[in-house]
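See below for the structure under consideration.
The values are calculated or read from the model by the stated rules, or taken from the named source; none is laboratory data. Source: prediction; values computed, not measured. Cβ coordinates were reconstructed from backbone atoms using ideal geometry, including for glycine residues, and neighbour counts include every protein chain displayed.
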Amino acid sequence: HGTFFSRYDATMANTLALLILQDGSHIVEYDRLTKRLLGVTLGYSLPIMLSNVLSIFDCISLTRVIGQAILIWGYVTLFSFLYFDSDVWGYVANLVTGFGVSGLMQPCGGSLGDDYFASQYKE
């Protein structure tokens, strides 16, 4: 009790096993698998941290709407630029953008307590 992880839950092991799946080849590409794990992890955790910055504003305020729009635009622009510009980190940036943009579009409301964060980290 008091952690993000449920006891005796196989969700994290299943997710990790799916991330380590081979892409139909007989060779395991550890570099690509590491980048896949990094991209999915950052894609889920960065939006939670960035959305926490917006919690200082009231839910019904123009400042919050503009701030959230700028945050989403900046997030997508930054990681899309990295995707198209970098041969090394393009795959990670694509995953971060794909998994993270939905987390930035969360509606305002409620407190950002332990229940909220636990529900965001669980699959």
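A few remarks follow.
- Close contacts from region 46-69, counting a first residue that is free of Cβ contacts under 8 Å to residues at least 12 places away in the same chain and a second that is among the small types (Gly, Ala, Ser), with Cβ to Cβ under 8 Å and a gap of 6+ residues or different chains, come to 57/67.
Residue-wise test of (1) assigned to a helix (DSSP H, G or I); (2) modelled with pLDDT under 85; (3) small (Gly, Ala, Ser); (4) touching a helix residue (DSSP H, G or I) at 6+ places or on another chain (Cβ under 7 Å).
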| residue | (1), (2), (3), (4) |
| --- | --- |
| 41 | yes, no, no, no |
| 58 | no, no, no, yes |
| 66 | yes, no, no, no |
| 91 | yes, no, no, yes |
| 98 | yes, no, yes, yes |
| 106 | no, yes, no, yes |
| 116 | yes, yes, no, no |
| 119 | yes, yes, yes, no |
| 123 | no, yes, no, yes |
